[in-house]
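Q: Take a look at this one; I'll ask things after.
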Amino acid sequence: MKSIRSFKSFCLALCLILPGMALAEESVAELIKKGDVSDQKFCPTEALASYLPAEKLEPNNVGLLLCIARQYRHLMADAPELADKIKFANTGKTYAARAVTLSPKEAEAHLSVALSYAKLVPFLDTKEKMEASRQVKISVDQAIALDPGKDLAWHVLGTWHQRLADIGMVKRAMAKLVYGELPAATNEEAVHCFQKAIQLNPDRLIHHIELGRTYAQMGKETEARQCINKGLAMPNTGKDDPEVKARGQATLADL
């Protein structure tokens, strides 16, 4: 009799627990769905209002962590103050690093780390730029090794080569004395990476414009104008597209 009562109590408890579990799972799915709608509209504050509560329910959801990291990168782009830009970038980097820890074989997680560091580079001092650049290279290389079909990973690698190749011999020598040997980087390799990105996704305008800006850096004006104008003619689809177009227009003005 006692065992029967215990079994009934167990069944009753199970009936009470299971609906709650289902509700929690449904709530997470609904929160993520709402966050995704805001993400697609490039509204990071609204997206986080849904993603962050979902994260509390599922803190080890890798896909969710990557969505959150992306929102903080968007907030960084929108922030007018340097301190806020750095704070948001570091927060996004923390979420991306958590995703890598949970899923070290996930290429998107390593790419998220690389993107977070890459966003930081322009706002750091020389020593911090060198260290962040090293971290970009490490993470993007891992992303490409895990999934060579990611066009954004090739774009990040191309940007890495483009930036370092533009460091003059004097600055490079001074940086070597203070911070150690800089990684090898060339405009030719940047061109290769951007061309690979275009091959994988020809509809992303940032690939064309940054390829053109690399050609401009190499003194190839005809190729630069052709690639930049092609990108400028394409519709904005990404968060960074207006900023990249502005850089492309500035490059054209300097040719």
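The values are calculated or read from the model by the stated rules, or taken from the named source; none is laboratory data. As the structure is a computational prediction, the values presented were derived from the model and not from experiment. Methodologically, a virtual Cβ is constructed for each residue, glycine included, from the backbone with ideal geometry; neighbour enumeration extends over all protein chains shown.
Q: Could you list, in sequence order, all residues of the range 121-133 that are crowded, with 16+ Cβ neighbours inside 10 Å and among the charged types (D, E, K, R)?
A: Listed by number, the list holds a single entry, Lys129.
Q: Moving on to the next point. Within the range 233-255, take every residue that is charged (D, E, K, R) and exposed (fewer than 13 other Cβ atoms within 10 Å of the Cβ) and give me the one that is nearest to Leu75 (Cα to Cα).
A: Glu243
Q: Do you know which residues across the range 98-118 are surrounded by fewer than 18 Cβ atoms within 10 Å (Cβ to Cβ) and either in contact with a Ser or Thr (Cβ under 7 Å, 6 or more places away or on another chain) or of a type in the set (Gly, Ala, Ser) (or both)?
A: The answer is Ser103, and nothing else.
Q: For Leu64, only one of the following conditions fails: (1) without any contact (Cβ under 8 Å) to a residue 24 or more places away in the chain; (2) assigned to a helix (DSSP H, G or I); (3) not aromatic (Phe, Trp, Tyr). What is its number?
A: Every listed condition holds for Leu64 apart from (1).
Q: Checking the structure you have, find out if any residue of the range 63-72 is touching a helix residue (DSSP H, G or I) at 6+ places or on another chain (Cβ under 7 Å), modelled with pLDDT under 95 and crowded, with 17+ Cβ neighbours inside 10 Å.
A: The answer is no, given that none of the residues of the range 63-72 is touching a helix residue (DSSP H, G or I) at 6+ places or on another chain (Cβ under 7 Å), modelled with pLDDT under 95 and crowded, with 17+ Cβ neighbours inside 10 Å.
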